[in-house]
Amino acid sequence: MNLFEEGLNFNFDVLVEWLITGGLKIVVILIAFAIIKPLGTKAIEAAINRMSQQRNITDGRNKTLQKVAVNLFSYVLLFILIMMLLSAVNIEIGPLLAGAGILGLAIGFGAQGLVSDIVTGFFLLIERQIEVEDYVTAGGYDGVVEEVGIRTTKIRSFDGTLNFVPNRNIVGVANHSRGNMRALVDIGIGYDENIDEALAVLQKVADQFSEDERFVEGPNVLGVQSLGSSDVVIRILGKTENMEQWAVERDMRKAMKEALDAADIEIPFPHQVYIQKES
């Protein structure tokens, strides 16, 4: 296909033909991409769901595998799309691939961080250190995992901030969602109050909460935890389902405050005494 007839005379017929055929190919490729991507994503998710049911994989692990598989599928499909678009406009792919290999080798020496991200992400997935919906502390961030990627991990803080953490920065992981969590409440009573009576009142409240489905063990009144400057601190401890500990602690504090008030047991609060000096 020659755009110039003789010398510098421009061949518009060839240009129009090239635009029509090339444009038609590009449109077909883009339409195919728009159809294949969602269908492929749904097929991957369905396949992983079936595998999860057969192997009794947890919901968090299932979502993690889906995120990673869909990301890999998207990268591969995007690469194929670029290659097909170049081929549609009659650009030789072979020399580009060879040049890309040499360029990639040169870039690789300066992209050690990217390689480290990928390797670390691979081991995070294989060793199951974190999964989607886990409450973790990692890379200096504290929150719930939304996505474990090949290069980055997304952690949603409790204030709503979405943190994109490069995998190489995750040098240690504290996973708070592997096992039952501790619900701990310290409540103080006045020094003039009867400690045994207060323990009995608080234990009755704890016994009521033991029927709460959020608890897997306890709660129980452990006894006097410390002697403060103006109060005797009593500790109550139990174990709850993951992510339920904070709500349980709030409910226990409210119920125990009401029970102590009903039993006329004082919960001390700071007092200020003003002394006025007479001149």
* With the condition kept exactly as written, say whether any residue in segment 113-120 is at pLDDT 80 or above and in contact with a helix residue (DSSP H, G or I) (Cβ under 7 Å, 6 or more places away or on another chain). => no
Scanning segment 191-202 residue by residue, those open to solvent by 50 Å² or more (accessible area, probe 1.4 Å) and not in a helix (DSSP H, G or I) turn out to be TYR191, ASP192, ASN194
Here the qualifying pairs (Cβ atoms under 7 Å; residues six or more apart or on different chains; first in segment 233-244 and in the same structural domain as ASP207 (by the TED database) and among the small types (Gly, Ala, Ser); second open to solvent by 70 Å² or more (accessible area, probe 1.4 Å) and assigned to a strand (DSSP E or B)) come out as GLY238/GLU217; GLY238/ASN220
Exception for GLU147 within (1) crowded, with 16+ Cβ neighbours inside 10 Å; (2) among the charged types (D, E, K, R); (3) assigned to a helix (DSSP H, G or I) falls at (3)
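Only one residue in ILE44, ILE57 is modelled with pLDDT of 65 or more, outside the structural domain of VAL165 (by the TED database), assigned to a loop (DSSP other than H, G, I, E, B) and touching a helix residue (DSSP H, G or I) at 6+ places or on another chain (Cβ under 8 Å). Which one?
ILE57
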Flagged pairs (Cβ under 6 angstrom, 6 or more apart or on separate chains; first in segment 161-183, open to solvent by less than 40 Å² (accessible area, probe 1.4 Å); second of a type in the set (Lys, Arg) and at pLDDT 90 or above) are none
Expected single match for among the β-branched types (Val, Ile, Thr), at pLDDT below 75 and open to solvent by less than 80 Å² (accessible area, probe 1.4 Å) among ILE93, ILE107, ILE80, ILE102 is ILE93
Log entry, pairs with first residue in segment 61-76 being charged (D, E, K, R) and surrounded by 15 or more Cβ atoms within 10 Å (Cβ to Cβ), second being assigned to a helix (DSSP H, G or I) and at pLDDT below 75, beta carbons closer than 9 Å, six or more apart or on different chains, reads ARG61/SER52
Exactly one of GLY218, GLY188 is in contact (Cβ under 8 Å) with a residue 12 or more places away in the chain, on the phi > 0 side of the Ramachandran plot and either not in a helix (DSSP H, G or I) or not assigned by the TED database to the domain that holds VAL144 (or both), and that residue is GLY218
Looking across segment 116-144 at residues that are farther than 16 Å from LYS67 by Cβ and among the acidic types (Asp, Glu), the single one that is surrounded by the most Cβ atoms within 10 Å (Cβ to Cβ) is ASP142
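The values are calculated or read from the model by the stated rules, or taken from the named source; none is laboratory data. Computed from a predicted model, the values in this text were never measured in an experiment. All Cβ positions, even for glycine, are placed from backbone atoms using ideal geometry, and neighbour counts span all protein chains on display. Accessible surface areas use protein heavy atoms only, side chains included; no ligands, DNA or RNA. Shrake-Rupley method; radii C 1.70, N 1.55, O 1.52, S 1.80 Å.
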